[in-house]
Amino acid sequence: MQSPGIAAISSDSPRLWVFTLEARPLHDSPDFAEAGGAFITCYLRPGFAPDPMRRAVEFVREQKWEVIAVEDEPLQIERHDAPEAEHFDQALVEDEVYVFHQWPVDDADDQTRH
């Protein structure tokens, strides 16, 4: 027999922090010559990092990119509301997933940031 607390936890749908950042590659990034910038969809499991936005900015910096704007503020959402369900599922396993939607320097027009 399950206790009421366990039943309540198992019936809840998993939720993740999901938000979008805009970034540009730094001069020492391997992507600098090709990418004019990117929108980065961030998926983080609640509890993985005390501040999901700060963790995402750190991750982007580790990839030699610079965050220049927050496109969509962090929200906790369920899978059916996620922009990409497969990345939601991946973040449930790996704690965090970052999807870089890059645009080329040549095609960036007014979006080129470097």
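The values are calculated or read from the model by the stated rules, or taken from the named source; none is laboratory data. Keep in mind that this is a model prediction, so the values were computed, not measured. Using ideal geometry, Cβ is built from the backbone for each residue, glycine included, and neighbour counts are taken over all protein chains shown. Accessible surface is based on the protein model in full, side chains and every heavy atom, while ligands, DNA and RNA are left aside. Shrake-Rupley method; radii C 1.70, N 1.55, O 1.52, S 1.80 Å.
In table form, for the structure just shown:
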item: Residues of the range 52-75 classified as closer than 10 Å to Trp17 by Cβ and open to solvent by less than 70 Å² (accessible area, probe 1.4 Å), total; result: 5
item: Check on Arg61, under 19 Å from Gly36 (Cα atoms) and without any contact (Cβ under 8 Å) to a residue 12 or more places away in the chain; result: yes
